[in-house]
Each structure stands twice: as C-alpha cells, then as structure tokens.
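Working notes, beginning with the structure itself.
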Amino acid sequence: MTISRRDLLAKTGFGLGTAALGTLLGAPKAFPNFAPKAKRVIFLFQAGGPSHLDLLDYKPYMKGRFDEDIPPSIFGTQRITGMVAHQDRFPVMPTMYGFQQYGKSGQWVSDLLPETGKIADDICVLRGLHTEAINHDPAITFIQTGSQLPGRPSMGAWVDYGLGSENENLPAFVVLNSTPSNGMADQGLLARLWGAGFLPSRYQGVQFRGGGDAVLHLSNPPGISREQRRGQLDGLAALNKRLQERVGDPEIETRIAQYEMAYRMQTSVPELVDASKEPESVLKLYGDDARKPGTFAANCLLARRLAERNVRFIQLYHRGWDHHGGLTEKLPVLARDIDRASAALVTDLKQRGMLDDTLVIWGGEFGRTPYAQGPSKVNSYGRDHHGRVFSMWMAGGGVKRGVSYGASDEYGFNVAEGGVHVHDLQATILHLLGIDHQRLTFPFQGRNFRLTDVHGRVVKEILA
C-alpha cells in the first residue's frame with residue numbers, strides 16, 4: 001500500500017489516548033519551504049461576482065459612451081453566457097456611482113465603499129485578475145480548488161495538509177457563511193468548496209454556524225456527562241485502533257483524531273464565539289451588525305478571534321452578488337454589508353499588531369460585464385458574468401500596501417497590463433505562507449496533483 005509522507009509521519013507518531021493524540025494534532029506539522037510572511041489567511045469571499053466596474057475599477061472613459069456598442073476590437077472572441085445569448089447588441093454601461101481617490105496612495109475606490117477607501121493605504125488592489133470560467137459553479141470551484149471540476153481539495157485543505165495546525169483545540173481550517181441583509185443569498189454554497197477532495201478527510205474545513213450551536217453535534221446528548229463522553233471516546237479509540245492495525249486505512253486515524261478534536265472543541269468553541277466581552281470600541285468599529293450572529297460583520301469579528309487563536313485558514317463567504325438585473329437596487333445593500341466590516345477587520349488586525357502576519361483577501365469568482373444585460377438605462381441596469389478581467393484586494397501578510405497592480409483596458413473588458421491568473425493568485429497565497437506551490441503535491445490516480453495544477457507564477461511585483 002502506498003502512503004504519503006504526511007500519512008507516514010502520522011502513522012509513526014500515532015498513539016492512543018488524549019495526550020498522545022493532542023500532541024500529534026496540536027504540534028505544528030509545518031514544513032515550509034522558506035520563511036513565511038503570513039501565518040494565516042482570512043479570505044473574505046464574495047460569492048456571485050461583485051462588479052469591478054462599480055466598486056474598484058474606475059473607468060471614466062466609459063462615461064461618454066453610454067449605450068454605444070462595445071467595439072469588436074474590444075469584444076474579440078469573448079464567450080457569452082446563456083443569459084445574454086438572445087441580445088442582439090452589447091451596449092456600454094458606465095457605472096452610475098462616483099469614484100474618489102483615497103489616502104496618500106491615491107487609490108480609486110467607489111463611493112459605495114467609503115470605509116474601504118479609508119484603508120486604501122493598507123491594501124493592494126489587483127485589477128488584472130482573470131479566470132477561465134464564465135459561470136458560477138465552475139468559477140467558484142476553480143478559485144477555491146484550482147479546478148473547474150468538482151473533486152479537488154480546497155485551498156484551505158491544501159494549506160492544512162502542507163502546514164498543519166498551531167492550535168490543538170480548534171480546526172486549522174474554519175468556514176463561516178454569512179447571511180446577506182437583504183435575505184437574497186442567490187447561488188448555494190456546496191460543502192465540497194471547503195472539502196478535502198482526495199486528501200485525507202481530516203483536512204476538510206469545519207463550518208461554524210451563525211446561530212444555535214456553532215458546530216453541529218458538538219454538544220453531549222442529554223444525560224451524558226463530559227466524563228462519560230471521555231470514556232466513550234477512549235473505548236471507540238481502542239476499537240478503531242484495532243481496526244487500523246488490521247486494515248491500515250488512514251481514514252480510521254482521521255476518525256479518531258476528529259473525535260478527539262470535537263471533545264476539545266466542546267470547551268474551546270463556546271468561549272471563541274462569545275464576543276460579549278469584546279470592548280465596546282471594537283464592537284463599534286465593526287458596526288451594529290457585529291452584534292447579530294451570522295452577519296458578515298459578526299463573522300469578520302469572529303474571523304479576527306479565530307486568527308488570534310492561530311487558526312490557519314479562515315474562509316468567510318458572503319453571497320448575493322449575482323446582479324443580472326436590478327444592480328443599482330441590490331449592489332448598495334451588499335456593499336453596506338461588507339464595507340465597514342472588511343475595513344474594520346484590517347484596522348483591528350493592524351491595531352493588534354497582527355496584520356503583518358495575517359493575509360486578508362477580498363473578492364469573488366469573477367467580475368461583471370461592461371455592457372448591460374437587458375435594457376441600458378443610466379440609473380438602472382444589470383451586468384452579466386465577466387471573467388476576462390476583474391478586481392480583488394489583499395492586505396497584510398507580506399503584501400505591499402497602498403498600491404495597485406495590473407489594469408484593465410479603457411472599457412474594463414480585457415487585461416491591459418499586469419494580468420493575474422487564478423493559479424497565479426493561488427501560487428502567491430501559498431508563497432506568502434512559505435510554501436512553494438510546485439512542491440505541495442499529493443499522489444492520486446497515477447499523478448502528483450497540486451492546487452495550481454500545471455502552471456501558475458508567484459506575483460512577485462506585489463510582495464513587500
């Protein structure tokens with residue numbers, strides 16, 4: 001039977017009982033290829049495709065070209081989705097929102113994101129991102145797992161596999177799903193987006209809920225004391241150990257380890273999710289929504305608390321950005337949801353001296369089209385999916401501050417300079433964590449797989 005290097009290490013360190021498993025799981029399993037700049041990642045993922053043209057990519061050229069057709073020289077051979085396949089023309093749709101320059105860096109940011117503008121000197125805006133997918137599921141799967149097809153490990157799982165945990169009482173990879181304030185969640189988020197794929201299942205993300213028990217099935221059943229649970233787990237571990245010795249399945253070790261982790265989380269999680277002892281100044285920084293479990297603001301505050309406890313990868317999802325129509329009614333609501341809290345997270349980490357070694361990322365799976373979907377009206381429009389170029393921002397964790405990298409053309413349609421492919425983004429994230437993306441591999445079905453598949457470059461131009 002072929003086993004991976006990490007499975008071999010797990011087997012040679014395997015021991016029965018709380019103390020032995022605690023040592024095995026809690027000790028850093030990290031083998032970074034070089035000194036990391038970031039110890040942890042908080043990815044504020046905006047599912048649905050936020051419009052770069054209305055938020056982060058200022059295009060004054062488009063203002064005087066309202067309702068003109070996108071020139072063929074710009075449109076080129078762009079694939080279109082089924083949502084606009086019936087349109088006989090693709091009229092230019094400038095944003096109806098103003099943009100301002102912020103900070104000493106002079107970053108252009110939409111009036112919809114005034115709080116983000118206030119941290120302009122702390123963020124690096126990527127304006128030349130591009131992806132291969134044009135629909136949500138393959139695009140989200142691609143940016144989360146490195147493949148448009150389901151079945152690959154998520155980025156958080158790869159990071160856990162490569163570096164391990166620095167907190168024996170919490171998972172290395174935690175997922176937080178936020179509820180949009182307008183109640184319109186749009187596309188669903190499938191658990192495979194934070195799954196382990198073909199990696200051992202111990203590396204999958206653990207989802208924390210916004211209400212009730214933060215983690216399902218963590219509480220003891222009625223009538224079962226903590227001491228009784230301890231005895232049950234010891235008995236189960238003994239049975240599983242005997243089975244493991246007979247069949248040699250790494251998933252059995254995963255099962256034992258996850259039972260032990262759940263036992264420790266019974267005390268660590270309630271304290272973690274209780275933000276009632278946070279200073280009033282901190283709650284005000286994040287805004288009133290920070291007091292409402294499950295909101296984006298509350299999850300940003302929880303992400304900071306997780307980062308303080310050295311959780312390695314925190315994936316925070318916020319849905320509702322798929323604005324094919326009614327963008328001008330829906331986008332301001334979504335922007336209000338995320339603007340203050342995102343900026344507060346960066347500010348909070350900076351005040352605590354944690355921003356230098358915490359990488360914060362904000363963005364979605366693609367952007368929106370420079371042309372209108374449906375009727376083109378100055379103050380009422382929709383936009384289709386657009387993967388040819390879109391924008392994100394990053395902060396902390398070894399990234400340059402107060403800069404932008406890359407640019408779209410004058411229509412915001414194509415990459416004009418500084419293109420960053422999704423695999424480039426993934427390679428750069430791993431690099432900041434001290435991992436060579438070409439060396440983080442796992443053997444499966446006859447080949448070595450990696451997050452960045454067969455290509456990807458580190459975007460050294462944005463490294464501090």
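Each value in this text was obtained by applying a stated rule to the coordinates, not by laboratory testing. On a predicted model such as this, the values are computed, not experimentally measured, just so you know. Quick reminder, even Gly has a Cβ in these numbers, built from the backbone with ideal geometry, and neighbours come from all protein chains shown.
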(request) Within region 397-464, report the chymotrypsin sites (Phe, Trp or Tyr not before Pro) that DSSP leaves as loop and that have at most 11 other Cβ atoms within 10 Å. (result) none
(request) Find, among the trypsin sites (Lys or Arg not before Pro) in region 113-210, those assigned to loop by DSSP (not H, G, I, E, B) with at most 15 other beta-carbon atoms within 10 angstrom. (result) R209
(request) Identify, among T452, P36, P150, the residue whose Cα sits farthest towards the positive end of the charge dipole of the chain, taking +1 on the Cβ of Lys and Arg and -1 on the Cβ of Asp and Glu, with the dipole about the Cα centre. (result) P36
(message) Charges on Cβ only, +1 for Lys and Arg, -1 for Asp and Glu, centred on the Cα centroid of region 139-270; of A237, S165, P270, which one is farthest towards the dipole's positive end?
(response) A237
(request) Quick one: order H455, H386 by neighbouring beta-carbon count within 10 Å, fewest to most. (result) H455, H386
(message) Beyond a 24 Å Cα-Cα separation, which of these cross-linked pairs lie in this structure: K59/K284; K330/K377; K59/K350; K63/K330; K284/K350; K63/K400?
(response) K59/K284; K59/K350; K63/K400
(message) If each DSSP helix of 4+ residues adds -39,500 (n - 2.57) and the sum is divided by the residues in the chain, what number results at 222 nm, nearest 500 deg cm²/dmol?
(response) -10000 deg cm²/dmol
(message) Could you give the length gained by full extension between I224 and M96, i.e. 0.36 nm per residue of separation minus their alpha carbon distance, to one decimal place?
(response) 40.1 nm
(request) About the Cα centre of region 119-168, how large is the charge dipole given +1 on each Lys and Arg Cβ and -1 on each Asp and Glu Cβ? Please answer in debye to the nearest 20. (result) 300 debye
(message) List the trypsin sites (Lys or Arg not before Pro) within region 411-462 that DSSP assigns to loop and that have no more than 14 neighbouring Cβ atoms inside 10 Å.
(response) R439, R457
(request) Work out the length of the dipole vector of region 63-184 about its Cα centre, built from +1 on the beta-carbon of each Lys and Arg and -1 on the beta-carbon of each Asp and Glu, and round it to the nearest 20 debye. (result) 320 debye
(message) With 14 Å as the cut-off, how large is the P(r) tail for region 43-83, expressed as percent of Cα-Cα pairs?
(response) 70 percent
(message) Can you tell me what share of the DSSP beta bridges in the chain is antiparallel? A percent to the nearest 5 is fine.
(response) 45 percent
(request) Rounding to the nearest 20 debye, state how big the charge dipole of region 383-464 is about its Cα centre with +1 on each Lys and Arg Cβ and -1 on each Asp and Glu Cβ. (result) 320 debye
(message) Under 20 Å between alpha carbons, and skipping anything fewer than 8 positions from K39 in its own chain: which aspartates and glutamates qualify?
(response) D122, D160, E166, E168, E308, D348, D356, D357, D424, D436
(request) Could you tell me which of G402, F366, Y381 has its Cα farthest along the dipole of region 351-408 towards the positive end, charges placed at Cβ (Lys, Arg +1; Asp, Glu -1), taken about the Cα centre? (result) Y381
